[in-house]
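Novice: Quick one: this structure, given as structure tokens, is what I'll be asking you about.
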Amino acid sequence: MVLIYVDHSDSEIKKSSYEVLSYGAAVAQQLGVLAEALILGTVKDDLSTLGNYGVSKVHQVSNETLNNLDAQLYAKVIAEAVTSLNAEIIIFSHNQTGKAVAPRVSARLKAGLVSGAVALPDIANGFVVKKNVFSGKAFANVNIKSAIKIISLNPNSFQVKKAGEVATFEQLDIKIDDPKVKIVSVNKVIGEVPLTEAEIVVSGGRGLKGPENWKIVEDLAHVLHAATACSRPVADSGWRPHHEHVGQTGIQIAPNLYIAIGISGAIQHLAGVNRSKTIVVINKDAEAPFFKAADYGVVGDAFEIVPKLTEEIKKMKG
Amino acid sequence: MKILVCISKTPDTTSKVSFKDNNTKFEEAGVQWIINPYDEWYALVKAIELKEKDTSIQLHLITVGGADCDPVIRKALALGGDEATRINATSDDSYYIATQIAEIAKQVNYDLVLTGKETIDYNSSSVGGMLAELLNLPYISLAVKLELNNSAAIVTREIEGGEETDEVSTPVVVSCQKGVAEQRIPNMRGIMAARTKPLKVVEPVVIDALTSILNYELPPPKAGVQLIAADNMQELVRLLHEEAKVI
Ligand SMILES: Cc1cc2nc3c(=O)[nH]c(=O)nc-3n(C[C@H](O)[C@H](O)[C@H](O)COP(=O)(O)OP(=O)(O)OC[C@H]3O[C@@H](n4cnc5c(N)ncnc54)[C@H](O)[C@@H]3O)c2cc1C
Ligand SMILES: Nc1ncnc2c1ncn2[C@@H]1O[C@H](COP(=O)(O)O)[C@@H](O)[C@H]1O
């Protein structure tokens, strides 16, 4: 059986969870086994609808303590569920929760982990999963040799698919230890699209000259329902918050559309964004290296181009 | 108080990535090796900052790798740290690496174990979590801020769309990223002192790797950029809508 870990926050199931459900269901189909889901804590969504993404059963450990991430506690509960349900394959999203928990479950169960997977496994010879390496500059095909196998899937790497079934639902009775991690405070930027989940990202670089000029970036992001990002010097100069910094040393993203405005396209910047499906570069220097990595390019002054682009998108969206 | 920082060696960020032997091996010719940026700039520098505040702290460094890691670990010692251990083994399996580090860490009872958030070559984000599990310690990943308050660690970590601040008693394992500390450059005195700091080489314990890399692939080359005139944003919108189908 393939067991898919369903991540949620603020009692809502995350978008990345629908991706892993669809992915896990596809893996189960490849192997001719069932796909089932595991959710820790409580959510307001009706869990039987997860069947729409191809799982036949949803297991829930509905203890409210589990609404807060404590990686140690989670790993213990998930490992116990895997053992009692006899799961052979466990799927996580390679998001913040998956990065904290999947390695622990792997070490606990001695189950090989491929993290940052970008495709379905190749099961013709062994169990080979393609993952992202060298910060987006290459892929590695990794064979998992252990009996239990764990995959954490890169966000935005697998198309959500609806399968149209209703899942049965089961409470799992697992004893919970006291958490060791106490949450002191949470600081979420309300109303913004989280960068790692965003399908469209609009990003600005030093070419924008100063923080007071970011309105054109924000306006464009707004009409596209996009998240905003920036290059490293922009965050380092305090023009934009650090959590917007993308690149080798910042956040790595793979949206459907990345629009780079006034960013030169240094190799360390590209390392964070080169897995984007479509890249648009707006830069006044036709020689900027970013154009080599772009699908569409506009050479010219961002201060003139970006507002016009925003207007055209508004028109198209009616 | 004792702190352990896990140091890995990675190709310089500007290295050309190519492969040899039927795409089964990374082409190392001409590659500059550096300390993995997350390990150096954030994990190690944070540990050095903590030691500067409390000189009774013992700061140990550890790496799993062959003799070719010695220059990198010496550079880490030059930045700061009292002694280093190199476990003499090369592996691309995170579980193998974490198990080797855990074997050594168990003997010392560290109060704080720091890793980088990921290596920039394997991008696994795995070794820290595995190590925490093997040591049966709590784990906070993707830290952007870290302070110690007696026996508690106050750690701010990245969450989707923001940050969360957690409190946890030490000992604890933390993976570090940007924000935790500010980058610094080793000075001459540090470089001289590093030459005499102990660098212990130990042999690995025998365990099986759980995964192995069969081969590598490079992404297909981009078709090339399609340029759109600056005064024709209507055309760009049409292409994004009809051709790329992304808006
Ligand atoms: C180890 C290491 C790690 C790094 N990690 C990262 C990382 O994670 N992320 C990152 O981004 N960088 C990183 N860097 C820095 C990186 O090398 C570049 O310095 C940085 O990305 C440059 O940012 P930029 O493109 O915003 O600025 P610049 O390089 O200054 O480029 C500005 C661009 O704006 C254009 N421009 C100017 N005016 C206009 C206008 N009016 N309209 C349109 N275009 C205009 C210019 O032509 C130019 O191309 C790292 C560097 C190192 C050494
Ligand atoms: N060979 C190694 N030796 C010591 N520490 C390592 C090694 N590989 C990874 N690490 C540590 O684990 C972190 C995460 O690495 P990874 O799981 O490979 O992305 C790195 O930032 C290092 O701190």
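The values are calculated or read from the model by the stated rules, or taken from the named source; none is laboratory data. What you are looking at is a predicted structure, and each value in this text was computed from that prediction instead of being measured. Neighbour counts run over all protein chains shown; Cβ positions are idealised from the backbone, glycine included. Each accessible area value is taken on the protein alone, full model and side chains, heavy atoms only, with ligands, DNA and RNA left out. Shrake-Rupley method; radii C 1.70, N 1.55, O 1.52, S 1.80 Å.
Novice: Can you list the residues of region A:204-246 that have at least 20 square angstrom less accessible area with all protein chains present than in their chain by itself, probe 1.4 Å?
Specialist: Residues losing area: A:Arg232, A:His242, A:His243.
Novice: ³J(HN,Hα) across region A:250-256 via Karplus (A = 6.51, B = -1.76, C = 1.60, θ = phi - 60°), whole Hz, x for Gly/Pro?
Specialist: Karplus-based 3J(HN,Hα) across region A:250-256 equals x, 8, 9, 10, 9, x, 6 Hz.
Novice: Something else now. Give the angle, between 0 and 90 degrees and rounded to the nearest 10, that separates the Cα long axis of helix A:215-224 from the longest principal axis of the Cα atoms of chain A.
Specialist: 50
Novice: About the Cα centre of the protein assembly as shown, how large is the charge dipole given +1 on each Lys and Arg Cβ and -1 on each Asp and Glu Cβ? Please answer in debye to the nearest 20.
Specialist: 880
Novice: At a 1.4 Å probe, which residues in region B:193-214 are at least 50 Å² less accessible with all protein chains present than in their chain isolated?
Specialist: Buried by the other chains: B:Leu210, B:Thr211, B:Ser212, B:Leu214.
Novice: Something else now. In terms of Cα to Cα distance under 18 Å, which lysines are near enough to B:Lys25, apart from those fewer than 8 places away along the same chain?
Specialist: A:Lys130, A:Lys131, A:Lys137, B:Lys9, B:Lys16
Novice: Which angle between 0 and 90 degrees, to the nearest 10, do you get for helix A:96-109 versus the longest principal axis of chain A when only C-alpha atoms count?
Specialist: In chain A, helix A:96-109 runs at an angle near 30 degrees to the longest axis.
Novice: What total accessible area, in Å², is buried where chains A and B meet, using a 1.4 Å probe and rounding to the nearest 100?
Specialist: 7100
Novice: Using Cα positions and a limit of under 12 Å, work out the aspartates and glutamates in reach of B:Lys200, with same-chain residues fewer than 8 apart set aside.
Specialist: Within the straight-line cut-off, B:Lys200 pairs with B:Asp70, B:Asp82, B:Glu83.
Novice: In addition: Quick check: net charge around A:Ser157, other residues with Cβ under 12 Å of its Cβ, Lys/Arg +1 and Asp/Glu -1?
Specialist: Neighbour charge sum, excluding A:Ser157 itself: +3.
Novice: If you don't mind, there's one more thing I want to ask. Can you give the mean number of other chain Cβ atoms that lie within 10 Å of the Cβ atoms in peptide A:112-118?
Specialist: 5
Novice: Sort out for me the Cα centre separation of region A:94-133 from region A:26-58, rounded to whole Å.
Specialist: About 19 Å separates the Cα centre of region A:94-133 from the one of region A:26-58.
Novice: Measuring with a 1.4 Å probe in the full set of protein chains, what accessible area per residue, in whole Å², belongs to region A:2-171?
Specialist: 34
Novice: Would you mind telling me the share, in percent, of accessible area of region A:12-139 contributed by carbon and sulfur at probe 1.4 angstrom?
Specialist: 45
Novice: Then there is this: What's the lysine pair count for region A:195-316 at a Cα cut-off below 26 Å, pairs eight or more apart or interchain?
Specialist: Close lysine pairs found across region A:195-316: 18.
Novice: Return the long-range amide H neighbours of A:Val58 (sequence gap of 5 or more, or a different chain), with a cut-off of under 5 Å between placed amide H atoms.
Specialist: It is A:Ala37, A:Thr168, A:Phe169, A:Glu170, by chain and number.
Novice: Mind checking the dipole of chain A: about its Cα centre, +1 per Lys or Arg Cβ, -1 per Asp or Glu Cβ, Debye to the nearest 20?
Specialist: Here chain A has a charge dipole of around 760 debye.
Novice: Just to be sure I understand: of the beta bridges DSSP finds with both ends in the protein assembly as shown, what percent are antiparallel, rounded to 5?
Specialist: 35
Novice: Here's something else I'd like to know. Which one of B:Ala89, B:Gln32, B:Gly129 has its Cα pushed farthest toward the positive end of the charge dipole of region B:2-219, where Lys and Arg give +1 and Asp and Glu give -1 at the Cβ?
Specialist: Among B:Ala89, B:Gln32, B:Gly129, the one farthest towards the positive end of the dipole of region B:2-219 is B:Gln32.
Novice: Please give the Cα centre distance for region A:184-260 versus region A:287-302, rounded to the nearest Å.
Specialist: Measuring centre to centre over Cα atoms gives 19 Å.
Novice: How would you order A:171-179, B:39-47, A:306-314, A:47-55 from highest to lowest mean count of nearby Cβ atoms within 10 Å?
Specialist: The peptides rank, most packed first, as B:39-47, A:47-55, A:306-314, A:171-179.
Novice: Sticking with this one: For region A:182-292, what % of the accessible area comes from carbon and sulfur atoms, probe 1.4 Å?
Specialist: 54
Novice: I would also like to ask the following. What does the average come to when, for each residue of peptide A:178-188, you count the partner chain Cβ atoms lying within 10 Å of its Cβ?
Specialist: Taking all residues of A:178-188 together, the mean is 6.
Novice: How would you rank B:74-85, B:13-24, highest first, on the average number of other Cβ atoms within 10 Å across their residues?
Specialist: Ranked by mean Cβ neighbours within 10 Å, highest first: B:74-85, B:13-24.
Novice: Pairs of alpha-carbon atoms within less than 8 angstrom and 6+ residues apart define the contacts here; what relative contact order does region A:163-261 have, in percent?
Specialist: Contact order relative to length: 30 percent.
Novice: Now, a different point. Grab the DSSP H runs of chain A that are 4 residues or longer, score each as -39,500 (n - 2.57), total them, divide by all residues and round the 222 nm result to the nearest 500 deg cm²/dmol.
Specialist: -8000 deg cm²/dmol
Novice: Taking 10 Å² as the minimum loss, tell me which residues in region A:1-48 lose that much accessible area going from the chain by itself to the full protein complex (1.4 Å probe).
Specialist: A:Lys14
Novice: Starting with the highest mean, order B:135-144, A:159-168, A:15-24 by the number of other Cβ atoms within 10 Å, averaged over the residues of each peptide.
Specialist: Descending mean neighbour count gives A:15-24, B:135-144, A:159-168.
Novice: Pop out the carbon and sulfur fraction of the accessible area of chain B as a percent, whole number, probe 1.4 Å.
Specialist: Here carbon and sulfur together make up 49 percent of the probe-accessible area.
Novice: Non-local amide H neighbours of B:Asn215 (under 5 Å, H modeled in plane, Pro and chain starts lacking H): which ones?
Specialist: It is A:Asn141, by chain and number.
Novice: For peptide B:110-121, what's the mean number of Cβ atoms from other chains within 10 Å of each residue's Cβ?
Specialist: Per residue, the average neighbour count from other chains is 2.
Novice: If amide hydrogens are placed 1.01 Å from N in the peptide plane, which non-local residues have theirs closer than 5 Å to the one on A:Ala117?
Specialist: So A:Ala117 has HN proximity to A:Ser152, A:Leu153, A:Asn154.
Novice: Please tell me which of these pairs span more than 23 angstrom C-alpha to C-alpha: A:Lys57/A:Lys175; A:Lys175/B:Lys2; A:Lys76/A:Lys149?
Specialist: From A:Lys57/A:Lys175; A:Lys175/B:Lys2; A:Lys76/A:Lys149, over 23 Å: A:Lys175/B:Lys2.
Novice: Show me, for region B:64-76, the HN-Hα J-couplings you get by feeding each phi into the Karplus relation (A = 6.51, B = -1.76, C = 1.60, θ = phi - 60°), rounded to Hz, glycine and proline as x.
Specialist: Karplus-based 3J(HN,Hα) across region B:64-76 equals 10, x, x, 4, 5, 7, 4, x, 5, 6, 5, 5, 5 Hz.
Novice: Turning to a different aspect of this structure: Rolling a 1.4 Å sphere over the protein heavy atoms, what is the accessible area per residue of region B:2-219, to the nearest Å²?
Specialist: Normalised by residue count, the accessible surface of region B:2-219 is 40 Å².
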